[in-house]
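Everything below concerns the one structure shown next.
The values are calculated or read from the model by the stated rules, or taken from the named source; none is laboratory data. Everything numeric in this text was worked out from a predicted model, so none of it was measured. Here the Cβ positions follow ideal geometry from the backbone for every residue, glycine too, while neighbour counts run over all protein chains shown.
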Amino acid sequence: MIKIRFYDYVFSPSCVRTRYTQAWLEVLTPLKYAYSGMSSEDKPKAGIWVKQNGGTDIIFGTSNNYADGINQNVVINQNGYVGIGTNNPQAKLQINVDNDADIAFAVYNGTTEQFRIMGDGKFYAKSYKIMLPPFPDYVFGKNYKRMTADAKAKYFDEFGHMPYLPSAKEIEKDGLDVGDGLIGITKNVEENSLDINDLFKQNIELFKRIEKLEKENKEKDEKIKNLEDENKIIKNKRFVTKK
């Protein structure tokens, strides 16, 4: 059985406190909680305490060695910010790690890892979805006017990057918004697909014209050949008649 005891006497005027104003929660079995000033043999292995630091923080601590005392592992500060690995969180939830390769956050389904965020800012997931404003399928609408080839060439010469997307310098400085970037890339792909389709139609028409011209040329060549053959026959007849 686990017993819970609160050391309310630390709040009494007769209690001598250290630099922390503390309220300790003690679980008598199997963990031991205590207040500052206990002997090394009685140093706690885990604890919850209140710290006055321009406000009031709640600190959760653990240790794997009684003699070393408690490590401050989780803090809830007076602003309601939660810090893990830090006692001075600057966000609603701040997780500090020591190395880029450390896993800062992970989600498991049973024993299978589904998602993780690393100390270097990278995250790994099986998939993710983002909610976007109207997607650029409007490019396929009859009233949508695409950039002409000449306009694109001028844009490339002037700006040196694809339309609907920021430049490399802007991305290196401010990063790339995933949603805006996906919309810009898709819009370029859709416009280029329509341009390619138009070129395909033009090529089909050109092929038809070429086939027609080739057929006409072939017919003309046959007519010329026939005329040449007839001319030869006429010449031969004249030659025979003169003899």
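Which residue is farthest from the chain's Cα centre (by Cα), if the candidates are limited to the stretch 121-141 and must be assigned to a loop (DSSP other than H, G, I, E, B) and under 17 Å from residue 187 (Cβ atoms)? Within the stretch 121-141, the match that is farthest from the chain's Cα centre (by Cα) is 141. Residue count for the stretch 99-117, restricted to those that are part of a strand (DSSP E or B) and either over 21 Å from residue 83 (Cβ atoms) or under 14 Å from the mean Cα position of the chain (by Cα) (or both): 8. Annotation: of all residues in the stretch 140-162 being among the small types (Gly, Ala, Ser) and surrounded by 11 or more Cβ atoms within 10 Å (Cβ to Cβ), the one that is modelled with the lowest pLDDT is 149.
From the list 184, 121, 175, which one is in the same structural domain as residue 106 (by TED's automatic domain parsing) and either within 30 Å of residue 99 (Cα to Cα) or not polar (S, T, N, Q) (or both)? Quick ask: steps written out before the conclusion?
On the way: 184 fails: in the same structural domain as residue 106 (by TED's automatic domain parsing); 175 fails: in the same structural domain as residue 106 (by TED's automatic domain parsing).
The match here is 121.
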